[in-house]
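Each remark here refers to the structure printed beneath this line.
The values are calculated or read from the model by the stated rules, or taken from the named source; none is laboratory data. Note that the structure is a prediction, hence the values are computed from the model and not measured. Note that each Cβ is placed from the backbone with ideal geometry, even for glycine, and that neighbours are counted across all protein chains shown.
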Amino acid sequence: MAPKFGTSGLRGLVTELTDALVTDYTRAFLSACPQGRAVHVGWDLRPSSPAIAETVIAAIRDAGLTAIREGALPTPALALASMGAGNAAIMVTGSHIPADRNGLKFYVPHGEIAKEDEAAILDRLGQDHPVTEKCGSEIPGADTAAHYIARYVDAFGSEALEGLRIGVYQQSSVARDILVTAIEAMGATAVPLARSDEFIPVDTEAIAPETRETLQGWCTEQRLDAVISTDGDADRPMLTDETGTLIPGDVLGALTARLLGAKILCTPVSANTMVDAMPEFDSIHRTKIGSPFVIAAMGAALAADPAAKVVGYEPNGGFLLGFTATGPVGQIAPLATRDCLLPIVAPLVAAKKAGTAFSGLVAQLPARFTAADRVAEVSTDRSRAFIDRLAADPVARTEFFSDFDPAERIDQTDGLRLTFPSGEIVHLRPSGNAPECRCYAEAATPERAESLVASYLAALRTELT
């Protein structure tokens, strides 16, 4: 996987993320984008991250700037600290991809980099970046993790999760200790589970069947009301109900938006369409897949109405808050970057408030179910070429989707999304940040959605591998 850069950051094999390359991208970012008064630096728990972070900090200091060493902490905690201080930030993480790969995420003082920032950074790569005569300083972060936890405790209260027994699948998530501290501070009993010294790539949109079985076993054996976890850098949540059944991220997003009183939803085209049938929401804006597109849609909504109660979320569960929301005991300030903790806490609080088990709350939603998985180790170009052929050639499309009558709707907002006369949906898309081809499906039952994904993943493997 040759290093690849976009608005989601830089990703590549660790062996190819050389000191020279990391320095070049860091200096290009510093040259192209505003920094405020300093640059915050954090990292995840994969083995290569601390060394890459040292290279990033050295590059910041060589540019004559102040580096704030935040250490290992969640991406949303880093963003909360840097945006609150009006500073830039760099997170060393490969997110959910395997440990042999890593990357950088860049934040300007007001949030994630946008497409124009991406272009400016690319334009400054490969230049002879000078080393300043006076080396910049380095200072430690100041209680960043504690401030991140307090954001939710102050809004939901110390009794918000009282009486709940919650498993924390710790694995190698950088938020594994923060999750325990946070839910205990809100009154829950935390049960830490399966802490790992080795990095485990957790993709919240593609949890392996054996992991699902483990989650169900924990709930039964430990008498749990839920199990929570995140991906590697903790900008995507994972949450089960009391039976160990995983609740998809776009369901968590809808439940969180409803509890917070949001009226405008910005979400990718791949997200569950159940929100179209939920009367609590005034409008839904569908975007291309990726937080930069969700953020852009949120920005447009706020430009039209600065008082708009707008939120964004993705099927991976990352939640973005665009307005000052009111929790049970306090306010929650906007945070327009993917967060894991809000869409974990809010749905659990909503179920407790409704006096029902979490599965009961989910069962009350419109009956639309999604599933997703991917074919790994297939080049983006190969995936895109095949999907483009299906989009352009009705004969090829009919042959590939032979189980269905011709699609009633073809959506090419991002990949190829087909809505069939049955109301079922199949969506194919090349991944934007990994050598994968993703498949999404939506149907009236979870079993049918899973069956559609399994069937078309098998067909994709035949075509692409």
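Here are some residues: LEU252, LEU265. Which one is under 19 Å from THR204 (Cα atoms) and either at pLDDT 95 or above or outside any strand (DSSP E or B) (or both)?
LEU252
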Hey, GLY312 outside any loop (DSSP other than H, G, I, E, B), at pLDDT 95 or above and small (Gly, Ala, Ser) or not: yes
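Condition check ((1) under 30 Å from ALA79 (Cα atoms); (2) of a type in the set (Asp, Glu); (3) surrounded by 23 or more Cβ atoms within 10 Å (Cβ to Cβ); (4) touching a Lys or Arg at 6+ places or on another chain (Cβ under 7 Å)) across all residues:
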{"position": "VAL275", "(1), (2), (3), (4)": "yes, no, no, no"}
{"position": "THR287", "(1), (2), (3), (4)": "yes, no, yes, no"}
{"position": "ASP305", "(1), (2), (3), (4)": "yes, yes, no, no"}
{"position": "THR324", "(1), (2), (3), (4)": "yes, no, no, no"}
{"position": "PRO366", "(1), (2), (3), (4)": "no, no, no, no"}
{"position": "ALA371", "(1), (2), (3), (4)": "yes, no, no, no"}
Cross-chain or 6+ apart pairs with Cβ under 6 Å, the range 1-26 first and surrounded by 15 or more Cβ atoms within 10 Å (Cβ to Cβ), then among the aromatic types (Phe, Trp, Tyr) and not in a loop (DSSP other than H, G, I, E, B): LEU10/TYR25
Only one of PRO306, PRO334, PRO343 that is in the same structural domain as VAL275 (by TED's automatic domain parsing), farther than 23 Å from ASP414 by Cβ and in contact with a Gly (Cβ under 7 Å, 6 or more places away or on another chain): PRO334
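Yes or no, residue by residue, for (1) outside the structural domain of LEU80 (by TED's automatic domain parsing); (2) outside any loop (DSSP other than H, G, I, E, B):
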{"site": "ALA120", "(1), (2)": "no, yes"}
{"site": "CYS135", "(1), (2)": "no, no"}
{"site": "VAL153", "(1), (2)": "yes, yes"}
{"site": "LEU161", "(1), (2)": "yes, no"}
Strands (runs of 3 or more DSSP E) contained entirely in the range 373-465, each with at least 1 residues that are at pLDDT 95 or above, among the hydroxyl-bearing types (Ser, Thr, Tyr) and surrounded by fewer than 22 Cβ atoms within 10 Å (Cβ to Cβ): 416-419
Residue check for LEU179: assigned to a helix (DSSP H, G or I) and within 30 Å of GLY64 (Cβ to Cβ): no
Options ALA194, ALA208: the member that is of a type in the set (Gly, Ala, Ser), surrounded by 13 or more Cβ atoms within 10 Å (Cβ to Cβ) and not assigned by TED's automatic domain parsing to the domain that holds ARG374: ALA194
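Can you tell me which residue among ILE149, ILE228, ILE207 is assigned to a helix (DSSP H, G or I) and among the aliphatic types (A, V, I, L, M)?
Numbers: ILE228 fails: assigned to a helix (DSSP H, G or I); ILE207 fails: assigned to a helix (DSSP H, G or I).
Matching residue, one of ILE149, ILE228, ILE207: ILE149.
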